[in-house]
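Student: Take a look at this one; I'll ask things after.
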Amino acid sequence: MKFTAIFLIALLALTSVKADTNTDAANCIASIPKPCGVAAQDSACAKAYLSFGICVAYNCASKSQNLGDYASCLNSSCKSDNDKVQNYIDEQVSCVYGALLSLTALILATFAFLF
């Protein structure tokens, strides 16, 4: 009975942390400055950024089931020849993988504590 109670509490905590992980990744991505600046004076950068947005909308957002799928899609489908936009993409992927890494570490720590 005691083990079941501890297991249910741990499961509830992990579910809550998973939701926080999604929020953390979204907040991290939102904090990344746009690659072309506020007033896009570099037309090549603006065009590459628009292409990236279209790629995300059509290839990644609709097909991704979780953060890992989204990051994989960004890495494989939404590359850019523009250095500024590619750095922006890489920072987004770093945000997602950072959030997933913290979730994984927490899950491992929880299981190590329980068993």
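Where a number appears in this text, it was derived from the coordinates with a stated rule and is not lab data. Just so we're clear, the structure is a prediction, and the values are computed from it rather than from any experiment. Positions of Cβ are backbone-derived with ideal geometry, glycine not excepted, and every protein chain shown enters the neighbour counts.
Student: Modelled label-to-label distance, C28 and A44, 7 Å Cα→beta-carbon offset: nm?
Tutor: About 3.0 nm separates the two model spin labels.
Student: Okay, moving on. What's the ranking of 52-62, 69-79 by average number of surrounding C-beta atoms within 10 Å, highest first? Don't skip to the answer; put the middle values down first.
Tutor: Details: 52-62: 14.1, 69-79: 16.2.
In descending order of packing, they fall as 69-79, 52-62.
Student: Using mean Cβ contacts within 10 Å as the protection proxy, how do 26-33, 89-96 order, highest first?
Tutor: On the way: 26-33: 12.4, 89-96: 18.8.
By packing density, highest mean first, the sequence is 89-96, 26-33.
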